[in-house]
Amino acid sequence: MIIAPRPFIILSYFLALLLRLIHCSNEHLPPVTPINRDLYRSSDALMEEIEALVNRHKDRLHMETFQSSNKGYHAELNVVTYCRNRTAIDDKSKFRILLSFGQHARELITSELALRILSILSEEQFLPKVDPVLLNKTLEKIVIKVVPLENLNGRKKVEAGELCERRNGRGVDLNRNWSVDWGKKEKDFDPYEENPGTAPFSEPEAQLMRKLSMSFDPHIWVNVHSGMEALFMPYDHKNTTPSGLESQKMKLMLETLNHLHCGDRCVVGSGGGSVGYLAHGTTTDYMFDVARVPMSFTFEIYGDEKASSRDCFKMFNPVDHPTFNV
């Protein structure tokens, strides 16, 4: 008869006990909500639907795909441009708006909103309680560029089951990869969640977005996220708002939007002063400070504050039809 050495017996007992503890702790963990495939399209299906929409309305919609690579990592960016008169798409006298969705991979609802906005602009869907004549007169004066899914590679990881992933395909937070106050780490810095990359604009997605902002030169920038209900203006990297008339205009616009569309329940103010932590290297701070976009915003459109921190899909996305369709 072979007798196991005493250290082996002790180690085996310890491992068995550890596995039992893990099993017991998992029994008490809250359930994790899967992606509701009845509500949410896959990234491929979403872009196919957007492309079909563009093809049905070539008189006012136009889509381009841009690509970039860095050290073997490849990314692409689809950009849809809306203009009532396609021949005036480069008319710099028009008011220009740049909208980005899906920068954080787990925030699927934002890209669904992008599709809905494009459907409204193409008049396949309609806004309730909005005068269509007044809306059309306004739309004649503007050009809108929509990035429906900024972080396609990260989104693929979420669709594969990594429901809490917010970073891009190689683990960088795209909303920490811009140059304003890049790389600074607060005491509560989370290296997993907030990895800023090896340098400002190290990521192809950020490079493509910067190039787009420079060529388009928008008057308004909106970075659409989820996780809470909030309307943010600069700054993210410090607990203050810019000074001057433009800042006053931004705040007034956000307070008006909050009253009309949020029922005064949205958080309004600077990201750094309102969200509970400072964020360095964000897109909106760059757009305001460097790109000189006079109206630079981050909109947080949904959040389930009661959801468990590990139940990321439910925390960042509506999970039922009534909430999804609001």
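The values are calculated or read from the model by the stated rules, or taken from the named source; none is laboratory data. Keep in mind that what you see is a predicted model, and the values were worked out from it rather than measured. Backbone-built Cβ (ideal geometry, glycine too); neighbour counts: all protein chains shown. Side chains are part of the model used for accessible areas, which takes the heavy atoms of the whole protein and leaves out ligands, DNA and RNA. Shrake-Rupley method; radii C 1.70, N 1.55, O 1.52, S 1.80 Å.
Within 22 Å of residue 189 (Cα to Cα) and either open to solvent by 50 Å² or more (accessible area, probe 1.4 Å) or modelled with pLDDT of 95 or more (or both): is that true of residue 310 in this structure? Break it down into steps so the answer makes sense when it comes.
Numbers: within 22 Å of residue 189 (Cα to Cα): yes; either open to solvent by 50 Å² or more (accessible area, probe 1.4 Å) or modelled with pLDDT of 95 or more (or both): yes.
Criteria met by residue 310.
Taking the conditions exactly as written (surrounded by fewer than 20 Cβ atoms within 10 Å (Cβ to Cβ) and of a type in the set (Lys, Arg)), does residue 176 satisfy them or not? Spell out the reasoning first.
Values: surrounded by fewer than 20 Cβ atoms within 10 Å (Cβ to Cβ): no; of a type in the set (Lys, Arg): yes.
The answer is no for residue 176.
Within the stretch 290-300, is even one residue of a type in the set (Ser, Thr, Tyr) and either open to solvent by 60 Å² or more (accessible area, probe 1.4 Å) or outside any strand (DSSP E or B) (or both)?
Kept after step one, since they are of a type in the set (Ser, Thr, Tyr), are these residues of the stretch 290-300: 296, 298.
Adding the requirement that they be either open to solvent by 60 Å² or more (accessible area, probe 1.4 Å) or outside any strand (DSSP E or B) (or both) leaves none.
There is no residue in the stretch 290-300 that is of a type in the set (Ser, Thr, Tyr) and either open to solvent by 60 Å² or more (accessible area, probe 1.4 Å) or outside any strand (DSSP E or B) (or both).
Here is a check on your reading of the model: is residue 213 in a helix (DSSP H, G or I), among the small types (Gly, Ala, Ser), buried (at least 18 other Cβ atoms within 10 Å of the Cβ) and modelled with pLDDT of 95 or more? Outline the logic, then answer.
Working: in a helix (DSSP H, G or I): yes; among the small types (Gly, Ala, Ser): yes; buried (at least 18 other Cβ atoms within 10 Å of the Cβ): yes; modelled with pLDDT of 95 or more: yes.
Spelling it out, residue 213 is indeed in a helix (DSSP H, G or I), among the small types (Gly, Ala, Ser), buried (at least 18 other Cβ atoms within 10 Å of the Cβ) and modelled with pLDDT of 95 or more.
Can you name the residue in the stretch 121-149 that is surrounded by 15 or more Cβ atoms within 10 Å (Cβ to Cβ), β-branched (Val, Ile, Thr) and farther than 13 Å from residue 101 by Cα and, of all such residues, is farthest from the chain's Cα centre (by Cα)? Break it down into steps so the answer makes sense when it comes.
Going through the stretch 121-149, the residues surrounded by 15 or more Cβ atoms within 10 Å (Cβ to Cβ) turn out to be 121-122, 135, 139, 142-149.
Checking the rest, the ones that are also β-branched (Val, Ile, Thr) come to 142-144, 146-147.
Narrowing further to those that are farther than 13 Å from residue 101 by Cα: 142-144.
Details: 142: 23, 143: 21, 144: 18 Å.
Result: 142.
So that you can scan it fast, the table gives a plain yes or no per residue for (1) of a type outside the set (Ser, Thr, Tyr); (2) in a helix (DSSP H, G or I):
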{"position": "115", "(1), (2)": "yes, yes"}
{"position": "126", "(1), (2)": "yes, no"}
{"position": "130", "(1), (2)": "yes, no"}
{"position": "135", "(1), (2)": "yes, yes"}
{"position": "146", "(1), (2)": "yes, no"}
{"position": "150", "(1), (2)": "yes, no"}
{"position": "162", "(1), (2)": "yes, no"}
{"position": "168", "(1), (2)": "yes, no"}
{"position": "179", "(1), (2)": "no, no"}
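Just to be sure I understand, how many residues within the stretch 72-108 are assigned to a helix (DSSP H, G or I) and crowded, with 24+ Cβ neighbours inside 10 Å?
So the first thing to find is which residues in the stretch 72-108 are assigned to a helix (DSSP H, G or I), and the list is 86-88, 108.
Add one more test, that the residue is crowded, with 24+ Cβ neighbours inside 10 Å, and what stays is 108.
Within the stretch 72-108, residues that are assigned to a helix (DSSP H, G or I) and crowded, with 24+ Cβ neighbours inside 10 Å number 1.
Does residue 278 fit the bill of being over 30 Å from residue 65 (Cβ atoms), among the hydrophobic types (A, V, I, L, M, F, W, C), surrounded by fewer than 16 Cβ atoms within 10 Å (Cβ to Cβ) and touching a residue at least 24 places away in the same chain (Cβ under 8 Å)? Step through it out loud before you land on a result.
On the way: over 30 Å from residue 65 (Cβ atoms): yes; among the hydrophobic types (A, V, I, L, M, F, W, C): yes; surrounded by fewer than 16 Cβ atoms within 10 Å (Cβ to Cβ): no; touching a residue at least 24 places away in the same chain (Cβ under 8 Å): yes.
Answer is no for this residue.
Just checking, which of 286, 277 is under 16 Å from residue 173 (Cβ atoms) and part of a helix (DSSP H, G or I)? Explain how you work it out, then say what you get.
Working: 277 fails: part of a helix (DSSP H, G or I).
On inspection, the qualifying residue turns out to be 286.
Go through (1) within 21 Å of residue 315 (Cβ to Cβ); (2) part of a loop (DSSP other than H, G, I, E, B) one by one and return the number of the condition residue 202 breaks.
Residue 202 satisfies all of (1) within 21 Å of residue 315 (Cβ to Cβ); (2) part of a loop (DSSP other than H, G, I, E, B) except (1).
Go through (1) within 12 Å of residue 105 (Cα to Cα); (2) surrounded by 24 or more Cβ atoms within 10 Å (Cβ to Cβ); (3) more than 15 Å from the chain's Cα centre (by Cα) and name the single condition residue 203 misses.
(1)
Can you tell me which residue within the stretch 247-275, out of those that are farther than 24 Å from residue 147 by Cβ and touching a residue at least 40 places away in the same chain (Cβ under 8 Å), is surrounded by the most Cβ atoms within 10 Å (Cβ to Cβ)?
So the residue we want is 274.
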